[in-house]
Amino acid sequence: MGGIEDDEPPSKRVKASSKEQRGLSNGKFLEKPANHSFAASMARPLALTSQGDDEVIGTKGVKKVEFVRIIAEALYSLGYSKTGACLEEESGIPFHSSTVTVFIQQILDGNWDGSLSSLHKIGIVEESVIKSASFMILQQKFFELLDHGKLMEALKTLRTEISPLEINSNRVRELSSFILSPAYRIIDGVSGQGMVKLKPRSQLLEDLQKLFPPTVMIPDRRLLQLVEQALDLQREACLFHNSSVGETSLFTDHHCGRDQIPSQTVQILQDHNDEVWYLQFSQNGKYLASSSSDNSAIIWEVDLDGKLSLKHRLIGHQKSVSCVSWSPNDDQILTCGLEEVVRRWDVSSGECLQVYEKGLIGLISCNWSPDGKCVFSGLTDKSIIMWGLDGKEIESLKGQKTIRISDIQLTSDGKLIVTICKETMILLIDRESRNERCIEEDQMIVSFTLSKDNKYLLVSLVNEELHLWNIQGHIRLVAKYKGHRRSRFIVRACFGGLDQSFIASGSEDSQVYIWHRGSGELIETLEGHSGAVNCISWNPANPHMLASASDDRSIRIWGLKQLHVKQKGKGKLVSGNENGNGVHYCNGATT
């Protein structure tokens, strides 16, 4: 196995690449508010106490007035009208100010002139917001007049009230067409095909609420939103959260145990005759493909019990197989020989469907277009080529677009090609505009992989570091991961686990390293291999299954550690898969 600085092609060097009835807040803005607490609150407007404006509770400076108003909003959202009204009365803190209460009732009553007057009194400072709100109110007035056949009054509203606002001129012209063309009908808020939908007034209030500052009208379901945000933050901070199974309780802080991480060898695959360089699970998690320096690739099938069995051995390459790539729908697979050719195989039959080659120029990487209709590859002449499935060359990107040791990937929308163009630089090529952006590292790049959401790039470096880059918009480095060992060979890393919350990497010390992606903390080191671990793949459909490929000629499948659980009063040992795997819950519970 050659070093990364060798001139000769080293082994393991090539990279692979019901809205109307609900109203606002489940009924706060109803067309008929008489039976709702909101009507009761309007019947007795309350003034904020002077001490209530400044009083804070807790240790984080939470304003009591805001806290009480948000609780009231939650009560009304849940339908507890009497309780909400009692809270307003006992606290002396109204859900809405008296002017906002009047404004809401005017909207519900269709008192458009009154609502426009109140709009200037409810505490909105920005003139643009007032104009936009006025436009929305007058548009509702316009449509209701049309709906009642009052054509001339609607025209007057358009000319003397809506047009003078001098905003949204395109919409004004569209409104004019409803008067000029008798073919338009009012049916119930979206124009098209000769019809326009008339919104209920409660929907208008919801739209206005989204426009207004939250101090004027509290956002819908604000307390629930804050609680959900808190739960999300707790999960993100949990080092071992790796299961979507189980209920989340508000009565305790979120916590998962270490048993959520696949850290026990549950199967060893030893069908390769030489070093295993690369492996990758299919998108649906039903297959695993591996490639080896024994000139072959193997497709493994994940059985219903979680065990893997050999489905096909793919024979045909004359050199070591450096990488594989699954088609978008997992029915075909590409294999790339080391500076040789790319072959396309049928997963069901194991038959080779096409060979892609470029004369005497060797191929060094392979990947699919997102629609599965094209094949991409990096070449030893530092170009990138795109073929049709029939092997005909469609496009070629010349110049230093790749290096002899290179990965190549495409974003799932097909807009970006990502490849290594220099020893310390990754190139992001916009396929449509041909604009190029780059990530420049201080150290030599060993490999990279793209996150499922296309937002992040994980780069493995020669100095035993993994760098996480955000590639959306302005490219920036967001995290570093350290601890694994790499001195001479290609060592690959991957995203994985629930929501790709973890980073896993091979290592030349024969171990697998797992970090929590958000915190950067090393949480597991998996022992078992007797040679360098070259590649890791996390099953995208099963966060509790991990695979590792090694120079010891084996593939290890990692699952959850065995657990002792009680069944019908008897102790029983169960492992982490369906064939006896316990169902592992978040918050540390396992059954």
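Here are some residues: 341, 324. Which one is touching a strand residue (DSSP E or B) at 6+ places or on another chain (Cβ under 9 Å), of a type in the set (Val, Ile, Thr), open to solvent by 10 Å² or more (accessible area, probe 1.4 Å) and closer than 22 Å to residue 388 by Cβ?
On the way: 324 fails: open to solvent by 10 Å² or more (accessible area, probe 1.4 Å).
Selected residue: 341, the only one of 341, 324 that is touching a strand residue (DSSP E or B) at 6+ places or on another chain (Cβ under 9 Å), of a type in the set (Val, Ile, Thr), open to solvent by 10 Å² or more (accessible area, probe 1.4 Å) and closer than 22 Å to residue 388 by Cβ.
So is residue 412 small (Gly, Ala, Ser) and surrounded by fewer than 22 Cβ atoms within 10 Å (Cβ to Cβ) or not? Outline the logic, then answer.
Details: small (Gly, Ala, Ser): yes; surrounded by fewer than 22 Cβ atoms within 10 Å (Cβ to Cβ): yes.
Spelling it out, residue 412 is indeed small (Gly, Ala, Ser) and surrounded by fewer than 22 Cβ atoms within 10 Å (Cβ to Cβ).
Keeping to the range 295-354, report how many residues are in a loop (DSSP other than H, G, I, E, B), over 29 Å from the mean Cα position of the chain (by Cα) and hydrophobic (A, V, I, L, M, F, W, C).
Selection size over the range 295-354: 2.
Looking at the range 355-409, which of its residues are open to solvent by less than 50 Å² (accessible area, probe 1.4 Å), of a type in the set (S, T, N, Q) and out of contact with any Ser or Thr (no Cβ under 8 Å at 6 or more places or on another chain)?
Once the filter is applied, which keeps residues that are open to solvent by less than 50 Å² (accessible area, probe 1.4 Å), of a type in the set (S, T, N, Q) and out of contact with any Ser or Thr (no Cβ under 8 Å at 6 or more places or on another chain), the range 355-409 yields 369, 380.
Return only the number of the condition from (1) open to solvent by 30 Å² or more (accessible area, probe 1.4 Å); (2) closer than 20 Å to residue 289 by Cβ; (3) assigned to a loop (DSSP other than H, G, I, E, B) that residue 490 does not satisfy.
Condition not satisfied by residue 490: (1).
I'd like the full set of residues that are open to solvent by 70 Å² or more (accessible area, probe 1.4 Å), at pLDDT below 95 and not in a helix (DSSP H, G or I), limited to the range 229-279.
If the condition is that a residue be open to solvent by 70 Å² or more (accessible area, probe 1.4 Å), at pLDDT below 95 and not in a helix (DSSP H, G or I), then 244, 247, 250, 251, 252, 253, 255 are the ones that fit.
Do you know which residues across the range 304-318 are open to solvent by 60 Å² or more (accessible area, probe 1.4 Å) and at pLDDT 95 or above?
Across the range 304-318, the qualifying residues are 307, 310, 311, 313, 315, 318.
On the given criteria, is residue 509 of a type outside the set (A, V, I, L, M), within 28 Å of residue 430 (Cα to Cα) and not in a strand (DSSP E or B)?
Values: of a type outside the set (A, V, I, L, M): yes; within 28 Å of residue 430 (Cα to Cα): no; not in a strand (DSSP E or B): yes.
For residue 509, the condition - of a type outside the set (A, V, I, L, M), within 28 Å of residue 430 (Cα to Cα) and not in a strand (DSSP E or B) - is not met.
Going through the range 508-536 one residue at a time, which ones are under 13 Å from residue 485 (Cβ atoms), surrounded by fewer than 24 Cβ atoms within 10 Å (Cβ to Cβ) and of a type in the set (Ser, Thr, Tyr)?
Correct list: 510, 525.
The values are calculated or read from the model by the stated rules, or taken from the named source; none is laboratory data. Treat the numbers as computed from the prediction; the structure is a model and nothing was measured. Quick reminder, even Gly has a Cβ in these numbers, built from the backbone with ideal geometry, and neighbours come from all protein chains shown. The protein model used for the area step is the full one, side chains on, heavy atoms only, and it has no ligands, DNA or RNA in it. Shrake-Rupley method; radii C 1.70, N 1.55, O 1.52, S 1.80 Å.
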